[in-house]
Amino acid sequence: MFMSLRITNTLRGEKEVFTPLTPGRVTMYVCGVTVYDHCHIGHARALLTFDVIFRYLRFLGYDCCFVRNFTDVDDKIIRRAADEGVSPAALAQHYIDEFHRDATALGLLPPTHEPRATGHISEMIALISRLLEAGHAYVVMGDVYFGVETFLEYGRLSGRSLDEMMAGARIEVDERKRHPMDFALWKSSKEGEPFWDSPWGRGRPGWHIECSAMSTKYLGQPFDIHGGGQDLIFPHNENEIAQSECATGTPFARYWIHNGFVQLAKEKMSKSLGNILTIKEILERVHPVVLRHYMLTTHYRNPVEFSEDGLSDAERAVTRIYETLERAEKALAASGGRAAASGAIDEFKQEMDDDFNTPRAFAVMFEELRAVNRMLDQQQTQGLDTRRNSLKTMLEVLGLLQLPAGDFLASKRQAGLQEQAISADDIERLIEERNRARAYKNWARADAIRDELKAYAVVLKDGSSGTTWEFEK
Ligand SMILES: [Zn+2]
């Protein structure tokens with residue numbers, strides 16, 4: 001059964017068939033980070049969500065242009081830079097470099113473009129000028145505000161009217177604004193702040209205008225997909241729509257995708273993990289593919305309850321994946337491995353087509369993993385290569401195949417060896433000795449070696465492709 005990709009579009013609150021504006025090509029913009037601090041697990045979730053969406057669109061054969069920005073001028077950056085006695089530009093550059101380190105560690109595919117707000121000030125000034133000319137904005141003493149009442153569809157994305165927004169917000173009385181929900185497009189700079197010259201005096205852009213300017217510069221207007229965390233729906237994304245549609249009279253983004261929050265499951269969390277929040281700190285504890293598995297086994301729209309138990313489960317699951325791959329590679333070493341993929345790929349695609357349902361896609365992958373293990377146990381190699389190929393394709397789309405199976409297992413074993421007073425060489429030597437004993441049917445000696453290794457918490461597994469070992473869990 002052929003299915004096409006369906007996406008839950010925040011704009012209409014329901015799943016819609018995805019049809020790109022240009023056949024074969026997808027344009028996607030995702031709001032990036034404000035670079036004033038290290039990224040935390042909430043960022044990791046958004047980054048991994050859109051990494052898998054990007055990977056899947058490419059798997060479907062789309063030529064995908066993916067833009068993710070850096071907000072590198074902002075109140076928080078200015079404040080933090082002043083605290084640390086460095087320039088805002090230097091502070092932003094530092095955290096952009098840190099971001100890139102995190103992105104590499106997480107195994108994210110690099111976006112097509114990574115524009116910075118400060119590199120697009122002239123585009124923002126042009127956009128603000130158009131809004132002023134069209135009567136959607138007004139100048140007050142060097143500041144420029146967008147007048148929300150001039151856009152009848154304001155609130156369409158968040159599904160709230162202006163009155164409802166007012167009721168839900170803490171409104172600061174600002175006599176200079178025509179409506180309390182009006183927002184800044186341009187802010188005059190205070191003494192000592194970074195500034196750019198503009199028709200309204202020296203200042204800097206408001207936050208929202210940068211995403212309107214940068215998305216359409218690289219992707220055109222309208223473009224296909226706009227993504228971000230749920231916390232960005234209002235006011236940030238709502239304001240992007242207002243600015244862009246009022247400036248040009250054309251629709252802005254066609255499909256809006258928002259990922260859910262990460263919540264700390266406090267009751268389940270030990271003290272050690274409770275303090276771990278940055279990506280770097282988590283990756284000191286768990287391998288990046290473990291974190292990825294953990295995040296992706298919840299649907300991207302649902303909240304993730306971050307817990308130590310969950311991470312341990314993910315660690316076990318990833319170990320099984322790599323152990324199976326290693327066994328399959330060994331069993332298939334003699335064959336060329338040029339076979340097609342098995343039918344599981346179609347099931348996997350059906351689940352991913354259903355609003356990128358990664359938890360169900362993982363279930364399909366594990367079903368195939370179990371089938372591969374059964375075949376290996378029964379020393380059955382007929383059709384093993386097609387299943388192995390499917391498995392690898394699915395893992396590639398989910399971004400879990402960034403290192404050979406052996407590397408993950410080796411790093412796990414290395415960590416185990418540091419706790420145990422036995423080297424991998426010793427273990428391999430004892431396994432060889434045991435194999436010789438078994439070949440001569442000297443079962444007593446073979447069992448004695450197994451017991452000796454068990455004393456070091458080393459567990460042996462005898463399979464069709466030889467004996468493998470791991471530390472007791
Ligand atoms: Zn944005």
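Listed conditions (1) touching a Cys at 6+ places or on another chain (Cβ under 7 Å); (2) closer than 22 Å to Gln402 by Cβ are all met by Asn69, apart from (2). Among the conditions (1) more than 19 Å from Ile241 (Cβ to Cβ); (2) within 16 Å of the ligand (Cβ to nearest atom); (3) of a type in the set (A, V, I, L, M), Ala167 misses just one, which is (2). Of the residues in the stretch 156-175, not one is in a helix (DSSP H, G or I), closer than 24 Å to Thr248 by Cβ and at pLDDT 95 or above. Total residues in the stretch 236-264 satisfying the condition of being away from the ligand (no atom under 13 Å from the Cβ), part of a loop (DSSP other than H, G, I, E, B), under 24 Å from Thr150 (Cα atoms) and of a type outside the set (Val, Ile, Thr): the figure is 2. Does any residue in the stretch 128-157 that is farther than 19 Å from Lys187 by Cβ and among the hydroxyl-bearing types (Ser, Thr, Tyr) come within less than 6 Å, Cβ to Cβ, of a residue that is in a helix (DSSP H, G or I) and open to solvent by less than 10 Å² (accessible area, probe 1.4 Å) six or more places away or on a different chain, and which pairs are these? Close Cβ pairs (under 6 Å, with a partner that is in a helix (DSSP H, G or I) and open to solvent by less than 10 Å² (accessible area, probe 1.4 Å)) amount to Tyr154/Val148; Tyr154/Ala242. In the stretch 146-165, the qualifying residues are those that are among the aliphatic types (A, V, I, L, M) and under 24 Å from Arg176 (Cβ atoms), and the one that is surrounded by the most Cβ atoms within 10 Å (Cβ to Cβ) is Val148. Looking at the stretch 110-128, can you tell me whether even one residue there is assigned to a loop (DSSP other than H, G, I, E, B) and under 29 Å from Gly201 (Cα atoms)? Yes, the stretch 110-128 contains a residue that is assigned to a loop (DSSP other than H, G, I, E, B) and under 29 Å from Gly201 (Cα atoms).
Of Arg388, Arg374, all but one fail to be of a type in the set (Lys, Arg) and farther than 15 Å from Lys330 by Cβ; the exception is Arg374. Residues considered: Glu315, Glu308, Glu326, Glu367. Of these, the only one that is touching a Lys or Arg at 6+ places or on another chain (Cβ under 8 Å) and touching a residue at least 12 places away in the same chain (Cβ under 8 Å) is Glu308. Identification of strands (runs of 3 or more DSSP E) wholly contained in the stretch 12-79 with 3 or more residues that are open to solvent by 20 Å² or more (accessible area, probe 1.4 Å) and away from the ligand (no atom under 16 Å from the Cβ) yields 14-17.
Among the residues making up the stretch 203-235, a single one is within 13 Å of the ligand (Cβ to nearest atom), among the charged types (D, E, K, R) and open to solvent by less than 10 Å² (accessible area, probe 1.4 Å): Glu210. Give the residues of the stretch 190-216 that are of a type in the set (S, T, N, Q), under 18 Å from Phe146 (Cα atoms) and either under 32 Å from the mean Cα position of the chain (by Cα) or modelled with pLDDT under 95 (or both), sorted by residue number. Matches in the stretch 190-216: Ser212 only. The single condition among (1) over 28 Å from Phe261 (Cβ atoms); (2) among the β-branched types (Val, Ile, Thr); (3) part of a loop (DSSP other than H, G, I, E, B) that Thr298 does not meet is (1).
The values are calculated or read from the model by the stated rules, or taken from the named source; none is laboratory data. If you're wondering where the values come from, they're calculated on a predicted model, not measured in any experiment. Here the Cβ is made from the backbone with ideal geometry for all residues, glycine too, and neighbour counts use every protein chain on show. Ligands, DNA and RNA are stripped out before the accessible areas are found, and what is left, the full protein with its side chains, is counted by its heavy atoms. Shrake-Rupley method; radii C 1.70, N 1.55, O 1.52, S 1.80 Å.
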